[in-house]
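Student: My questions all concern the structure below.
The values are calculated or read from the model by the stated rules, or taken from the named source; none is laboratory data. Treat the numbers as computed from the prediction; the structure is a model and nothing was measured. With ideal geometry, Cβ positions are generated from the backbone for all residues, glycine too; neighbour counts draw on all protein chains shown. Side chains are part of the model used for accessible areas, which takes the heavy atoms of the whole protein and leaves out ligands, DNA and RNA. Shrake-Rupley method; radii C 1.70, N 1.55, O 1.52, S 1.80 Å.
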Amino acid sequence: MTQQKTNPYTALIEIPAGYLNIMGYIDESEVNGPGCRAVVWVQGCLRECPGCFNTESWSFEMNQLISVDNLAEKILSNPRNQGVTFSGGEPFWQAPALAALARKVKAGGLNVMSFSGFTLEQLQSQYPPAGAQDLLEQLDILIDGPYIQSLAINSPDSPVSSSNQRVHVFNPGLEDQITWASDQIEVHIFKDGSRLITGYRGGLELSEG
Ligand code: SF4
């Protein structure tokens, strides 16, 4: 798939302060991080990794605009959510708003994990995406590195989808909770009959009922 060549910087400045442009959201996932958690898929990624599971997330065009306050409220209103995972798309292109969201849900007692196609070293380099350090400081867990098809793993013994990706556990309290696996799949069926399939190699698939 060839990405629609929107300039991400032009698209990103169209997102009002305090808002996120997201591709999708679910509650109560058990295949996207420790325990039971909300998942936010942000819209927009430049990498075009061959074999990417979420090619619909590549475009930086406006998809679902949601305020950080509303999203935090939604996540915290479900008592089964023990944490939230940021996926994509590339979460770090919207790092300032995700850091604000992370602060709000952490104040409510939840933990925060993020995937990123950037490596930790790139996020800590001299020229990271805006707000990267702020978001890193909020994270309990970071899964870093792009998906590389030739290094793909689909195994009950691996939490990552390709062997170059690394699990950085910044919160020692979660060290024994890296229990999800790259071969797991989950189907969410919503009241309107639409379905969302997630978890298999980190994929996300939305379909009408
Ligand atoms: S970084 Fe993730 S969302 Fe972006 S192209 Fe690669 S696999 Fe897809």
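Student: Using helices alone, what [θ] at 222 nm do you get for the chain, with -39,500 (n - 2.57) per DSSP H run of 4 or more residues, divided over all residues and rounded to the nearest 500?
Tutor: Values: 5 runs with 40 residues, N = 209.
Result for the chain, helices only: -5000 deg cm²/dmol.
Student: By DSSP, what percent of the beta bridges with both residues in the chain are antiparallel, rounded to the nearest 5?
Tutor: 65 percent
Student: Among residues other than Thr119 whose Cβ falls under 11 Å from its Cβ, what is the net charge (Lys/Arg +1, Asp/Glu -1)?
Tutor: Here the charged neighbours net out to -1.
Student: Further question on the same structure: Taking the alpha carbon gyration tensor of region 8-207, what are the square roots of 5 times its eigenvalues, largest first, to the nearest whole Å?
Tutor: 21, 20, 19
Student: Quick one: which of 94-107, 136-149 comes out on top by average Cβ neighbours within 10 Å, and what's the full order, highest first?
Tutor: Working: 94-107: 21.2, 136-149: 19.4.
The packing order, highest mean first, is 94-107, 136-149.
Student: Rounded to a whole number, what % of the accessible area of region 8-207 do carbon and sulfur atoms account for, probe 1.4 Å?
Tutor: It is 51 percent, rounded to a whole number.
Student: Hey, what's the chain come to in accessible area per residue, 1.4 Å probe, Å²? Please list the in-between numbers first.
Tutor: Details: 9820 Å² over 209 residues.
About 47 Å² of surface per residue is accessible.
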